[in-house]
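Scroll down for the structure; my scribbles are underneath it.
The values are calculated or read from the model by the stated rules, or taken from the named source; none is laboratory data. Here the structure is a predicted model, which is why all the values come from computation and not from measurement. We place every Cβ from the backbone using ideal geometry, glycine too, and count neighbours over all the protein chains shown.
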Amino acid sequence: MKMKRNLVWLLLIGTALSFTNCKDSGDAVEPDDENELITSVTLKFTEQGTSTTTSFSYKDADGDGGNAATQFDTIALKPNKTYTMTVELLDESKTPTDDITKEIKEKADEHLFIFTPSPATLLTYTYGDKDKNNYPIGLTGKAVTGATGIGKLTVQLRHQPGAKNGTPEPGSDDVNLNFNLKVQ
Amino acid sequence: MNRVFLSLLLVLIINKSFAQKTECGCFVKGLVKDTHTGQPVVGATVLILGQNTGVFTDPNGRYELRNLCPGSYTLECRIVGYQPYRQKIDLTAGHEENFNLEEQEVHLKDVEITAHRSEAPSSQPLTTLSGNDLEQTRGQNLGESLKGLTGVTTLQTGSSISKPVIHGLHSNRILIMNNGVRQEGQQWGSEHAPEIDPFIATRLSVVKGAAGVRYGSDAIGGVILVEPEELPFNKGISGEANAVGFSNGRQGVLSGTVQGGITGFKGFGWRAQGTIKRGGNIRTPNYFLDNTGISEKNFSLAAGYRRGGLGIDLFYSRFDTKIGIFSGSHIGSVTDLLNVIKNGEPFVKSGFSYNIGRPNQNVTHDLFKAETHYHFQNGNRFQWTIARQINDRNEFDLHRPRNDSLAALNHPELTFKLTTLTNDVVWDHKPIAGKIAGQLGVSTLYQYNLMSGRPLIPNFNQFNIGLFWIERYVKNGWELEAGIRYDYRTLKTYRIVSRQKVANTFQFANFSGTVGATRNFSDHFSVRLNAGTAWRAPNVSELFSDGVHHGAAAYEKGDASLKSEKAINTIGSIKYADARWSVELGGYYNYISDFIYLKPQPEPILTVRGAFPYFKYTQTDASFKGIDLSGSWEFVKNITATSKLSYLRVYDQRNDAYLVMIPPNRLDNQLKYALSDRGKLHDTFLSIGNLYVAQQKRVPPNSDFLAPPKAYSLWNIQAGTSLKVSEKQQLEIGISVQNLFNTVYRDYLNRFRYYADDMGRNASLRLKWKFGA
């Protein structure tokens with residue numbers, strides 16, 4: 001009988017011990033903080049000789065998943081015109097909004113934009129900026145439209161830390177968007 | 001979890017009869033009993049190695065081997081679930097003067113054998129890696145070490161991260177018992193390898209099939225038991241030092257163990273063990289893989305005390321690893337993945353380097369365990385184990401934050417800290433009528449997870465209680481077993497949704513059961529059959545995943561309404577073994593209802609990095625059926641051929657389809673030449689082997705970016721010997737070459753098969769120095 005009582009005590013102590021370290025993980029939940037998030041990509045076209053700027057955006061305010069993208073514009077341009085094209089990237093999930101364009105400028109030697117129209121005759125792109133190693137960046141450049149037509153414009157931001165050589169191959173995509181393109 | 005040390009007391013009694021000259025009249029007889037309970041061990045096989053002589057212990061635990069000729073023999077005592085025990089006996093030396101016609105009992109010695117009794121149902125196949133077979137795997141990680149067993153494969157992320165797969169199931173569907181404690185890391189992740197140093201163990205065992213009753217949730221595919229030797233109570237100082245070098249990755253591993261008792265402190269034993277591992281970039285046949293180095297530092301300390309029926313054991317281990325992840329496997333979008341597949345080899349080129357840069361994972365796992373048991377005089381036994389584990393996992397992405405001040409901090413992008421407390425109380429009741437033995441137990445688990453960085457899984461608190469009862473009936477070569485268990489689990493998760501804290505509560509409750517029978521027809525031939533169930537609650541990643549899995553270029557979404565998975569597993573095996581032949585044939589049918597898997601959705605998900613294929617965690621009913629066949633045949637003296645076949649078919653019964661990521665069938669053949677002992681050299685062997693892995697053709701159509709890789713065939717050679725330097729010192733040497741012909745191949749269960757070839761030729765040299773008692 002005595003042994004049984006001892007056992008009961010042991011069990012109680014054991015159970016007690018297993019809870020002394022209990023901690024509520026709910027107290028420690030911190031808001032998420034994704035380093036490389038980009039929630040909005042905007043292409044700004046300014047027709048040469050004018051000051052009218054038209055903007056076309058992709059916006060997904062809460063990043064991947066959650067709610068779907070709220071905006072994905074069709075790029076509409078006039079045929080046979082020359083445009084100055086700039087790119088603006090934002091992380092709007094942060095308060096205040098994080099200006100990714102600025103961060104890319106600072107790390108220009110790790111980033112490269114690639115603009116690929118399809119069909120290729122729709123648009124011709126020429127880089128208008130260079131990093132310290134004399135490789136293009138693509139935050140600003142010149143876009144010359146061809147004849148009327150519809151197609152796609154793929155916008156890629158290649159992240160190429162330590163490997164940038166002016167070609168698209170190294171690194172991986174930070175942005176890869178297929179905008180609809182309408183030249184009319 | 002708990003581990004029971006049972007001891008066999010084997011008393012050898014020798015008698016020599018001088019009367020008959022023509023027929024030898026020596027015999028060995030004795031008793032096999034459990035030292036702690038004092039209960040005779042019934043149905044144990046006692047045999048003389050190298051001879052076709054063997055008997056079972058009778059209902060009183062007695063055995064007798066008659067008509068032996070004078071000479072030296074090795075006596076082996078075996079019973080399912082115990083470590084085989086061997087004892088050299090000499091029936092010639094020094095006893096001639098005792099020859100007389102009368103039977104005279106001479107106690108050779110009282111040998112106390114401490115054997116780990118596996119708690120898995122004895123009717124389930126238990127495959128063990130120990131002794132020389134284990135030595136040959138030294139230096140490899142746990143998953144790789146187990147790969148040679150039939151029915152066991154690995155799920156890999158490159159060459160340095162491998163997870164064991166049993167009968168096609170892995171991660172949360174198998175359970176690892178590390179020194180009697182259920183290993184709790186972040187097992188759900190396919191790139192999260194078990195945080196265990198195999199040098200801790202002198203025995204690695206795999207229980208195949210559902211073993212939910214004894215082990216609780218997650219034991220759906222099987223259980224891996226990582227077991228150290230029992231502490232050397234009251235013995236002198238002994239130990240071993242291991243050095244292993246691998247040519248591929250230029251990897252070096254050093255490991256040492258020192259152990260002993262303490263003079264003047266009776267009943268005490270201790271052990272200290274440590275391992276250091278360092279390796280650099282792995283080379284495939286044609287190129288190096290950038291950033292695939294590894295650095296590991298592990299140690300463990302153990303101490304124990306025995307007095308009468310009382311035993312106390314304390315154990316602490318720390319596992320600390322830093323593993324580089326192949327940088328060419330980082331992709332941003334599906335286009336990136338398709339480009340690297342099209343290229344056929346990685347874009348990132350590299351030479352050899354020991355440097356481990358980003359991406360990498362840095363994991364530490366601390367385990368503290370205290371166990372106490374008491375054997376009552378009447379045969380009852382009580383055991384109580386408490387353990388605390390802290391798993392700290394830090395994952396660093398390829399890219400640092402763009403913001404310089406954040407980047408300078410070099411914080412991991414993902415941190416998981418999982419703390420687990422387990423508490424197990426087991427009562428082994430005294431045998432009823434000397435035939436029925438059993439145990440009752442209660443297990444609790446409490447754990448909490450703290451997460452920071454990129455949102456991936458929520459924080460959670462989890463509590464589990466399980467009650468089980470198993471009874472075993474042993475008589476005349478029959479062993480019948482039945483058990484039942486009830487588990488209850490609550491899970492509370494905390495997440496941030498739109499900057500608000502959201503809490504969810506889940507409850508899961510399940511019954512598990514097992515029935516099994518083993519029939520030992522003779523010491524050569526046995527048949528076993530087991531039907532068991534196991535369950536698993538959906539894990540937090542299956543409930544709450546929501547994002548792009550960059551390794552798989554897939555958008556994965558969880559489902560908070562998932563139910564528990566339940567498995568019913570039937571497994572049968574036939575085993576025949578004699579001096580020259582051994583065959584083991586096992587078949588299994590594992591039906592898993594509400595099997596959780598990633599189901600492809602028709603519409604892709606659009607992200608800023610483009611559209612990703614969309615997968616949702618969904619439940620179905622899956623069947624896993626397969627055959628494990630192993631056989632060996634010594635067809636010429638000293639030359640043995642061994643073959644192992646693992647065959648598996650998996651089917652999604654609800655949707656009439658195949659499932660993805662199922663290991664292909666494989667055939668492993670080996671030819672071994674054992675040289676006879678020469679001078680101080682013993683256990684010398686040469687062997688050549690071939691592993692053939694078929695192509696997995698049973699996959700759902702269009703389910704993958706790349707079809708499963710083609711079949712491959714790899715050759716390997718091994719050689720080894722042991723040198724007895726002195727009475728108390730021994731040196732063991734082993735060499736091996738894996739992938740002898742530097743074959744280019746990719747494995748279906750290697751997650752890097754999209755990016756790069758598998759490891760090329762790898763030569764290794766192993767040295768082991770054993771000293772002391």
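Say whether the condition of being closer than 28 Å to B:Ala756 by Cβ, touching a residue at least 12 places away in the same chain (Cβ under 8 Å) and within 11 Å of chain A (Cβ to nearest Cβ) is met by at least one residue in region B:362-370.
no
Given B:Ile323, B:Ile331, which one is touching a helix residue (DSSP H, G or I) at 6+ places or on another chain (Cβ under 6 Å) and either assigned by TED's automatic domain parsing to the domain that holds B:Tyr754 or surrounded by 21 or more Cβ atoms within 10 Å (Cβ to Cβ) (or both)?
Every option except B:Ile331 fails the conditions.
Just to be sure I understand, how many residues within region B:505-536 are crowded, with 20+ Cβ neighbours inside 10 Å, polar (S, T, N, Q) and under 20 Å from B:Ser564 (Cα atoms)?
Residues in region B:505-536 being crowded, with 20+ Cβ neighbours inside 10 Å, polar (S, T, N, Q) and under 20 Å from B:Ser564 (Cα atoms): 4 in total.
Has region A:118-132 got at least one residue that is out of contact with any Leu (no Cβ under 6 Å at 6 or more places or on another chain), closer than 24 Å to B:Leu398 by Cβ and more than 9 Å from chain B (Cβ to nearest Cβ)?
yes
When residues of region B:417-427 are filtered for being buried (at least 22 other Cβ atoms within 10 Å of the Cβ) and more than 15 Å from B:Arg388 (Cα to Cα), how many remain?
1
So if I check each of B:Leu414, B:Leu409, B:Leu367, B:Leu398, which one is among the aliphatic types (A, V, I, L, M), out of contact with any strand residue (DSSP E or B) (no Cβ under 8 Å at 6 or more places or on another chain) and either surrounded by fewer than 20 Cβ atoms within 10 Å (Cβ to Cβ) or in the same structural domain as B:Asn286 (by TED's automatic domain parsing) (or both)?
Values: B:Leu414 fails: out of contact with any strand residue (DSSP E or B) (no Cβ under 8 Å at 6 or more places or on another chain); B:Leu367 fails: out of contact with any strand residue (DSSP E or B) (no Cβ under 8 Å at 6 or more places or on another chain); B:Leu398 fails: out of contact with any strand residue (DSSP E or B) (no Cβ under 8 Å at 6 or more places or on another chain).
Being among the aliphatic types (A, V, I, L, M), out of contact with any strand residue (DSSP E or B) (no Cβ under 8 Å at 6 or more places or on another chain) and either surrounded by fewer than 20 Cβ atoms within 10 Å (Cβ to Cβ) or in the same structural domain as B:Asn286 (by TED's automatic domain parsing) (or both) holds for just one of B:Leu414, B:Leu409, B:Leu367, B:Leu398, which is B:Leu409.
Considering only region B:308-351, state which residues are within 13 Å of chain A (Cβ to nearest Cβ), at pLDDT below 85 and closer than 25 Å to B:Thr372 by Cβ.
B:Gly309 - this is the single residue of region B:308-351 that is within 13 Å of chain A (Cβ to nearest Cβ), at pLDDT below 85 and closer than 25 Å to B:Thr372 by Cβ.
Please go through region B:443-471 and give me each residue that is more than 7 Å from every other protein chain (Cβ to nearest Cβ), surrounded by fewer than 22 Cβ atoms within 10 Å (Cβ to Cβ) and of a type in the set (S, T, N, Q), ordered by number.
B:Gln447, B:Asn464, listed by residue number.
I'd like the full set of residues that are of a type in the set (Val, Ile, Thr) and in contact (Cβ under 8 Å) with a residue 60 or more places away in the chain, limited to region B:337-354. Even if it seems obvious, please write down each step before you answer.
So in region B:337-354, the residues of a type in the set (Val, Ile, Thr) come out as B:340-341, B:348.
Those that are of a type in the set (Val, Ile, Thr) and in contact (Cβ under 8 Å) with a residue 60 or more places away in the chain: B:Val340, B:Ile341.
Taking the condition buried (at least 19 other Cβ atoms within 10 Å of the Cβ), of a type in the set (D, E, K, R) and more than 21 Å from B:Lys208 (Cα to Cα), does B:Arg495 pass?
Numbers: buried (at least 19 other Cβ atoms within 10 Å of the Cβ): yes; of a type in the set (D, E, K, R): yes; more than 21 Å from B:Lys208 (Cα to Cα): yes.
In short, yes.
For the subset of region A:159-184 comprising residues that are outside any loop (DSSP other than H, G, I, E, B) and more than 16 Å from A:Ser40 (Cα to Cα), which member is nearest to the other protein chains (Cβ to nearest Cβ)? Don't jump to the end; show me each part of the working.
As a first pass, look at region A:159-184 and keep what is outside any loop (DSSP other than H, G, I, E, B): A:159, A:172-183.
Narrowing the set further to residues that are more than 16 Å from A:Ser40 (Cα to Cα) leaves A:159, A:172, A:180-183.
Numbers: A:His159: 6, A:Ser172: 4, A:Asn180: 13, A:Leu181: 16, A:Lys182: 19, A:Val183: 23 Å.
Among them, the one singled out is A:Ser172.
Which residues, counting only those in region B:393-434, are farther than 30 Å from A:Asp173 by Cα, without any contact (Cβ under 8 Å) to a residue 40 or more places away in the chain and more than 10 Å from chain A (Cβ to nearest Cβ)?
B:Ile432, B:Ala433, listed by residue number.
All but one of (1) more than 26 Å from A:Thr52 (Cα to Cα); (2) out of contact with any Phe, Trp or Tyr (no Cβ under 9 Å at 6 or more places or on another chain); (3) touching a residue at least 24 places away in the same chain (Cβ under 8 Å); (4) assigned to a loop (DSSP other than H, G, I, E, B) hold for A:Thr95; state the number of the condition that does not hold.
(3)
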